[in-house]
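The values are calculated or read from the model by the stated rules, or taken from the named source; none is laboratory data. Since we're looking at a predicted model, the values are computed, not measured. When we count neighbours, we look across all protein chains shown, and the Cβ atoms used for this are built from the backbone with ideal geometry, even at glycine.
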Number of protein chains: 2
Amino acid sequence: MYALPIAQLIEEFAKLPGIGKRSAERLAFHILKQPKDQVERFAKSLLAAKEKITFCPVCQSLTDSVPCAICANTKRDHGVICVVENPKDILAMEKTKEFSGVYHVLHGVISPMDGIGPNDIKIKELLVRTEKEPVREIIMATNPTIEGEATAMYISKLFKPFGIKVTRIAHGLPVGGELEYADEITITRALEGRHEI
Amino acid sequence: MYALPIAQLIEEFAKLPGIGKRSAERLAFHILKQPKDQVERFAKSLLAAKEKITFCPVCQSLTDSVPCAICANTKRDHGVICVVENPKDILAMEKTKEFSGVYHVLHGVISPMDGIGPNDIKIKELLVRTEKEPVREIIMATNPTIEGEATAMYISKLFKPFGIKVTRIAHGLPVGGELEYADEITITRALEGRHEI
């Protein structure tokens, strides 16, 4: 049997997603080999992240300021809300430097198979926002999966009575991708989304 | 950009072996979703393991008592030392309940390709042990890799002048394994190690 402190550390690592028993052992032994200050830095960063990071009360993204830097930015167009599944998606969008509106993070998608309904993701919070602020357009940027599409449709129908335009980002061949290697659904989407040149 | 505490946590996770940038992000976001007491438990277990676990001064294994429980056990045969690569290997050996001697952990193997020479693993500590105690046999249980074999050979030659018997554990078909699925090296070893029945 491992000494108790090792066994407990292995157990903690094994609780992380995608980390099995053997990986947890490997990580625990790695920690034991590290200098003490490195392990302390790791432990501190865990506690600091948990303590300082909260959900932005406006867009539901993760932030260390309230509201988050994007929601607090008056230069951005608060009339256009881009709806994404996860906080990480905001980063991907921001990298393009093409979007000057604001965001809303759902923290998931509607997925009846997994028991996730509309009340389990941050749709109610989106409704509250549109009541407070004059929102012209909601851009649905959920992923092109069955659940992502269904969530986009659900939100589209939800906001139609309010006269708010709901759009969906385009899907098609990735730039630099080759037709030969694209799957049928992507090609179908690329055909559907064709435009005159 | 991520808020600083998130970026730092991602960075810390990415330092772990086998954890890439994307896995580190996933783990960091998982931590942010956990209840505070769970994150505190994780951080504490990191510090506790690092603080309480040391190397046994005799066998070099990881332990929370000095010397470790196996080295302190007078009922075990201290004249037979089983040499393994890693502390984990001791667990595998102990599960068999067939070995009543003591252990020595090398913490690696000689691997010139990776710049690891005899002085980089705990061979010196093994020499010191054999000087202090009357050792009859050293059983080399390093893995059946090129480096594991080379290390076994090196230690065998090192102890020959001292009149200490150095043996190597047998390699062959695993029990329950099928010839059909065994690799050539394993079959070769199984043939070389054949004995009359």
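For this structure, a couple of remarks:
- Matching residues, the stretch A:153-197, being of a type in the set (Lys, Arg), more than 20 Å from residue A:107 (Cα to Cα) and not in a loop (DSSP other than H, G, I, E, B): A:160, A:165, A:189
- Scanning the stretch A:114-124 for residues that are surrounded by 15 or more Cβ atoms within 10 Å (Cβ to Cβ) and over 17 Å from residue A:160 (Cα atoms) yields A:116, A:120, A:121, A:122.
- The stretch B:153-197: number of residues that are free of Cβ contacts under 8 Å to residues at least 12 places away in the same chain and under 20 Å from residue B:120 (Cα atoms): 2
- From the list A:178, A:149, the lone residue that is of a type outside the set (Gly, Ala, Ser), loosely packed, with under 12 Cβ neighbours inside 10 Å and out of contact with any Asp or Glu (no Cβ under 8 Å at 6 or more places or on another chain) is A:178.
- Flag if residue B:80 is at pLDDT below 95, crowded, with 22+ Cβ neighbours inside 10 Å, among the aliphatic types (A, V, I, L, M) and farther than 21 Å from residue A:18 by Cα: no
- Candidates are the residues of the stretch B:19-39 that are surrounded by fewer than 18 Cβ atoms within 10 Å (Cβ to Cβ) and more than 7 Å from every other protein chain (Cβ to nearest Cβ); the one that is farthest from residue A:49 (Cα to Cα) is B:20.
- Some residue of the stretch A:61-68 being within 9 Å of another protein chain (Cβ to nearest Cβ) and in contact with a Leu (Cβ under 7 Å, 6 or more places away or on another chain): yes
- Just so you know, in the stretch A:5-18 the residues that are facing chain B (nearest Cβ under 7 Å) and more than 22 Å from residue B:8 (Cα to Cα) include one that is surrounded by the fewest Cβ atoms within 10 Å (Cβ to Cβ), and it is A:8.
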